[in-house]
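So the structure is just underneath, and the comments pick up after that.
The values are calculated or read from the model by the stated rules, or taken from the named source; none is laboratory data. Everything numeric here is computed off the predicted structure, so don't read it as measured data. Here the Cβ positions follow ideal geometry from the backbone for every residue, glycine too, while neighbour counts run over all protein chains shown. Keep in mind that these areas ignore ligands, DNA and RNA; they rest on the heavy atoms of the full protein, side chains included. Shrake-Rupley method; radii C 1.70, N 1.55, O 1.52, S 1.80 Å.
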2 protein chains.
Amino acid sequence: MSKRPAPAKSELEIARIVWKLGGATVRQVLDELPPERGLDFKTVQTYLRRLEAKGYLKTHREGRSNVYRPTVRPGKVIGEVMDDLVKSLFDGEVLSLFQHFVRDRGLSADEVQKLRQLLDQAERESQ
Amino acid sequence: MSKRPAPAKSELEIARIVWKLGGATVRQVLDELPPERGLDFKTVQTYLRRLEAKGYLKTHREGRSNVYRPTVRPGKVIGEVMDDLVKSLFDGEVLSLFQHFVRDRGLSADEVQKLRQLLDQAERESQ
DNA sequence: CTTGACGGCGTACAATTGAACGCTATGATG
DNA sequence: CATCATAGCGTTCAATTGTACGCCGTCAAG
């Protein structure tokens, strides 16, 4: 059960692109990044290598490039990151997190409405 | 407008205690930490000093101890941290974050109900 | 074939983070 | 008063993170 090291923030940014593409080379990830992000090829390469080392991606050779692909469901990774954050910022109470958004930060009417829909839907599906 | 450096995770843990107490000495923070956390006095001291350096706390002498107290509203700090996270993990879409909880992670019936209440209340207050 | 571009792999390197030590001043106690 | 514990302040130190460079092999174009 020895946990993988948590992904760093920049790593997550990269991982999300790999998830979106299902699998990708350094170049493909780089092309997918907003240009104003201004990351170097080698930098992206490093992040991908690190994600592999941490166990979030696996790689296999394809031609002269490495193709990286996910080994863990995105939802699971995001879940781990969020749980950790909720634990350290909201005493593990998801509701406190929601409270922050609804009360402190404030949601737009549109967001509120969409959130209601989400809840209705989840309820219908789960009963 | 030069932003304060974001608080690190351990720092936030400490800051939350200061917020809860309204102001605190190293010793008071230490006493408030769960004992299994196992942090040393000096370590807590370091985190408090760092929070001060980053501009989240100010300190003044009281007897032989320093009392640290907040300089920024907790909601604001949490807001900054959350915004950053939502940006890097959900493309800045708060709704995607909610989606993660409602769909992927799943909320208990109780949590759903409480969340609905939050929404109702917010709506009533804001119109 | 030679050359140049591209990519892999190892390495670098400063900043930040997590955690704590040592020296020193000071206030409480025998 | 002498001693001891406590707290401050400056420092340390390894690990992680953000970002990238250099060397080396290979494939494609002249």
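Summed over segment A:39-68, residues that are within 13 Å of DNA strand C (Cβ to nearest atom), in contact (Cβ under 8 Å) with a residue 12 or more places away in the chain and not acidic (D, E) total 13. Scanning segment B:14-28 for residues that are assigned to a helix (DSSP H, G or I) and touching a residue at least 24 places away in the same chain (Cβ under 8 Å) gives B:I14, B:A15, B:R16, B:V18, B:W19, B:V26, B:R27. Residue count for segment A:29-38, restricted to those that are more than 9 Å from DNA strand C (Cβ to nearest atom) and assigned to a helix (DSSP H, G or I): 6.
Output yes when any residue across segment B:92-114 is over 30 Å from A:P74 (Cα atoms), among the polar types (S, T, N, Q) and not in a strand (DSSP E or B), and no when none is. The answer is no, given that none of the residues of segment B:92-114 is over 30 Å from A:P74 (Cα atoms), among the polar types (S, T, N, Q) and not in a strand (DSSP E or B).
Select from segment A:61-76 the residues that are touching a helix residue (DSSP H, G or I) at 6+ places or on another chain (Cβ under 7 Å) and assigned to a helix (DSSP H, G or I) and write down the one among them that is nearest to DNA strand D (Cβ to nearest atom). Result: A:P74.
Filter segment A:104-117 down to the residues that are facing chain B (nearest Cβ under 7 Å) and at pLDDT 90 or above, then identify the one that is surrounded by the most Cβ atoms within 10 Å (Cβ to Cβ). Step by step, filter segment A:104-117, then rank; the result is A:L115. Can you say whether B:D83 is at pLDDT below 95 and at positive phi, as far as the supplied structure shows? The answer is no for B:D83. The lone criterion from (1) touching a Phe, Trp or Tyr at 6+ places or on another chain (Cβ under 6 Å); (2) outside the structural domain of A:E13 (by TED's automatic domain parsing) left unmet by A:A122 is number (1). Take the residues in segment B:1-31 that are surrounded by 16 or more Cβ atoms within 10 Å (Cβ to Cβ) and among the acidic types (D, E); name whichever of them is farthest from the chain's Cα centre (by Cα). Looking at the filtered set, the residue picked out is B:E11. Say whether the condition of being within 25 Å of B:D83 (Cα to Cα), at the interface with another protein chain (Cβ under 8 Å from one of its Cβ atoms) and open to solvent by 60 Å² or more (accessible area, probe 1.4 Å) is met by at least one residue in segment A:89-101. Within segment A:89-101, one or more residues are within 25 Å of B:D83 (Cα to Cα), at the interface with another protein chain (Cβ under 8 Å from one of its Cβ atoms) and open to solvent by 60 Å² or more (accessible area, probe 1.4 Å). Do we find that A:V94 is away from DNA strand D (no atom under 16 Å from the Cβ) and free of Cβ contacts under 8 Å to residues at least 60 places away in the same chain in this structure? When the stated conditions are applied, A:V94 passes them.
Applying the criterion of being away from chain B (no Cβ under 14 Å) and modelled with pLDDT under 95 to the residues of segment A:1-53, the residue that is farthest from DNA strand D (Cβ to nearest atom) is A:M1.
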